[in-house]
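Structure record follows, encoded as structure tokens.
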Amino acid sequence: MFRFARATLAFLALAFAVPAQAAIQDENADFTEKLEIGISTDEIAITSDFRGADLTIFGAVDGFDQSLLAQGRYNIVVSLEGPKDNATVRKKERVFGIWVNTSSMTFELVPESYSLSSTRDIETIAPPGEMGNMGIGVDHMRLVPLGFVGDGSNLGEFRNAFRRIRETSGVYERDPGGVQFISSSLFKASVRLPANVPNGVHVVRAYLFRDGVFVAAKALPLRVVKTGLEQFITQAAHQQPFFYGLMAVLLAVITGWGASLIFRKD
Amino acid sequence: MTIYLPIAELSVNILIILGMGAAVGFLSGMFGVGGGFLITPLLIFYNIPPVVAVATGANQVVASSISGAITHFRRGTIDIKLGTVLLCGGLAGATVGVWLFSLLRRIGQLDLVISLLYVVLLSTVGGLMLWESITAMRKAAKNQATPLRRPGQHNWVHGLPLKMRFKKSKIYLSVIPVAGLGFCIGVLTSVMGVGGGFIMVPAMIYLLRIPTNVVVGTSLFQIIFVSAYTVIVQASTNYTVDIVLAFVLMIAGVIGAQYGVRVGQKLRGEQLRALLALLVLAVGIRLAIELVIPPKDVYSVVSAGFGF
């Protein structure tokens, strides 16, 4: 699973010549700086021994100001965002002596995994308002409740609980210092795919800040797919559920029968 | 050594899963139960999503009950007719159970209901069995015979209409309580992922007064079909049967069961029942404690994919 990290180096030379494919351009017109990023692969395969993966993203800043760069006033934030899905937070309360889920809140389309890497702590890169507007970082992620939430007084506690649980379970991560300049304009960022990574389309996003002001952003898709047997099983389970169930039972029958034949005492 | 579970969508240590399967298989072979009531809580404890644990547990029960039922079939200790009546009730129960499972999953109370059912059933059955086996052991110490079935004694069950003759069991019994028992076990199978042997066996002995020698075989016979049906229905409606996880559990389980059977044969009946009772009680108490003590985190997060 880690071979693409090595392959990235070979890709490095290409990263300058070939513009990143299928990029979602986003630039601040007031600045001349341009941001380019590249990853060695646009697809990660989940195999039977999948244990998560470290992904290295290379990028370059074009049209930068030499003196500002020397003073370290350029900052880069790179995020790897998993596929989005609705997530429900439930709260337990004691009812008649036992703990029962009593209230819940569903947040609309939040990423199932999120790994953030930056040149330094993102709170020191730009004012919280700016990060909040752009939705960068776990603390600024947009958490929009679905449906009726009453007077909204408990919105804060549910949002905090959601962030805390996702971070402690390791699917949301941050690494201040995970982005390093390897030459004047070249940088390297490492982000992590957790072992219980959701498969689907992930998005790598890179943001360039100058003196706390957003300058440019770039995004690249990264597909995480099950392969081989894993893919076959998932497809069968969802497309031919009845036959899949039948096969599961047949497997059990053969195993049970086989065991009683092998261990037969006579 | 890790293995990726395609349906549960997470990586687990294969050795832990093998160990679980073997340990549960050993116990199920020793006591003649399917072991579903042990494997499902263990899987949930090991972070397998409960929806996957329940459906996959049922699949593992199919393998272990087939292995056991074949042995009983060779010995001629299965009452097919009685098993079929139980089965009719069981299939109806399993259908209702899967529907109930989806409903509870939607309203977010599935984990509570599963835990409560486990606590109530395991403590009741475990308590009753322990009491019965201790009484039997005391009597055995005084050299008194302890017939599990007291011929001639009748309870309200024997006054019901629609009676049918079950030749192999040598009983004449109404089909209502038999199918009713099957129905209840069927519901439990699909909601809890258990075969229900640990409830079925005592109920058949004490409530229906069916001779002990055919009880285990007949219960295993009907559990095969109800669990198999549950697996297919769970696979079709909830897509939660993880065939990789099930296969690893089965392999370890059937091997463990063979050694369990050998150890079981060396113990006396009432000793075996007392041990099983203690095991059942222990699991029940463990789950009860979890419901009562304040949880580490009162919040929990689920994403729509595994809405549970």
- Partner shielding of B:228-235, as the mean number of partner chain Cβ atoms within 10 Å, equals 6
- Task: May I ask you to list the lysines whose Cα is less than 30 Å away from that of B:LYS81, ignoring any residue fewer than eight positions away on the same chain?
- Result: A:LYS265, B:LYS163, B:LYS167, B:LYS168, B:LYS170
- Rg and Dmax of region B:1-145 over Cα atoms: what are they, in angstrom? 18.4, 57
- Message: Taking θ = phi - 60°, what integer Hz values does the Karplus form 6.51 cos²θ - 1.76 cosθ + 1.60 yield along region A:254-264, in sequence order, with x for Gly and Pro?
- Response: 4, 4, x, 5, x, 4, 6, 6, 5, 8, 4
- Task: Please report, in Å, the Rg and the Dmax of region B:66-111, where both are computed over Cα atoms only.
- Result: 16.1, 47
- Packing rank of B:287-296, A:200-209, where each peptide gets the mean count of other beta carbons within 10 Å, highest leading: A:200-209, B:287-296
- Query: How big is the shadow of the Cα convex hull of region A:97-157, averaged over all directions, in nm²?
  - Reply: 6.5 nm²
- Message: Under 20 °C and 1.002 mPa s, how fast does chain A diffuse according to Stokes-Einstein, given a Kirkwood radius computed over C-alpha pairs? Answer in µm²/s, whole number.
- Response: 100 µm²/s
- Message: At 4 °C and a viscosity of 1.567 mPa s, what translational diffusion coefficient does Stokes-Einstein give for the protein assembly as shown, taking Rh as the Kirkwood radius over Cα pairs? Give it in µm²/s as a whole number.
- Response: 49 µm²/s
- Using a cut-off of 24 Å between alpha-carbon atoms, which lysines can reach A:LYS188, once sequence neighbours fewer than 8 places away in the same chain are excluded? A:LYS34, A:LYS218
- Task: Rounded, prolate or oblate: pick one for region A:226-266, where a ≥ b ≥ c are the square roots of the eigenvalues of its C-alpha gyration tensor, a/c under 1.5 means rounded, and failing that, prolate if a/b is larger than b/c, else oblate.
- Result: oblate
- Item | Calculated from backbone phi, Karplus (6.51, -1.76, 1.60) coupling profile of region B:239-247 in Hz, x at Gly/Pro | 6, 10, 8, 9, 5, 5, 4, 4, 5
- Helix B:80-107: angle to the longest alpha-carbon principal axis of chain B, degrees 0 to 90, nearest 10? 30 degrees
- Item | region A:114-249: Rg to Rh, with Rh as the Kirkwood radius over Cα pairs | 1.08
- Item | Positive-end extreme of charge dipole, region A:138-266 - chosen from A:LEU261, A:ALA189, A:PHE162 (charges on Cβ) | A:ALA189
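Using the per-residue mean of other Cβ atoms lying within 10 Å as a proxy for protection, in what order, highest first, do the peptides A:92-102, B:2-12 fall? Please list the in-between numbers first.
Details: A:92-102: 13.5, B:2-12: 21.4.
The packing order, highest mean first, is B:2-12, A:92-102.
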- Averaging 1/r across every pair of distinct alpha carbons in region B:152-232 and inverting yields a Kirkwood hydrodynamic radius, in angstrom, of 13.2 Å
- Cross-link partners among lysines for A:LYS226, C-alpha distance below 23 Å, same-chain residues fewer than 8 apart left out? A:LYS84
- Message: What are the ³J(HN,Hα) couplings of region B:213-226, residue after residue, when phi is run through the Karplus curve with 6.51, -1.76, 1.60 and θ = phi - 60°? Round to Hz, x for glycine and proline.
- Response: 5, 9, 4, 5, x, 5, 5, 4, 4, 6, 4, 3, 6, 5
- Taking Cα atoms only, helix A:3-17 is inclined relative to the longest principal axis of chain A by an angle, in degrees rounded to 10, of 30 degrees
- What does the average come to when, for each residue of peptide B:289-302, you count the partner chain Cβ atoms lying within 10 Å of its Cβ? 6
- What is the pair-distance distribution P(r) of region B:179-308, computed from all Cα-Cα distances in 5 Å bins starting at 0, with each bin given as a whole percent? 2, 8, 12, 17, 19, 18, 13, 7, 4, 1, 0
- Query: Once label points are set 7 Å from the Cα along Cα→Cβ at both A:ARG164 and A:ASP62, what is their separation, rounded to one decimal in nm?
  - Reply: 4.7 nm
- So for the pair A:ASP211, B:ILE289, with labels modelled 7 Å out along Cα→Cβ, what separation do we get in nm? 6.2 nm
- Task: Report the dimensions of chain B along its three principal axes from the alpha-carbon atoms, largest first, rounded to Å.
- Result: 58, 41, 40
- Query: How large is the Kirkwood hydrodynamic radius of region A:65-122, in angstrom, based on all distinct alpha carbon pairs?
  - Reply: 15.3 Å
- Partner shielding of A:229-242, as the mean number of partner chain Cβ atoms within 10 Å, equals 4
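FYI, it's all coordinate maths here, none of it is from the lab. On a predicted model such as this, the values are computed, not experimentally measured, just so you know. Cβ sites come from the backbone with ideal geometry, for glycine too, and all protein chains shown count toward neighbours.
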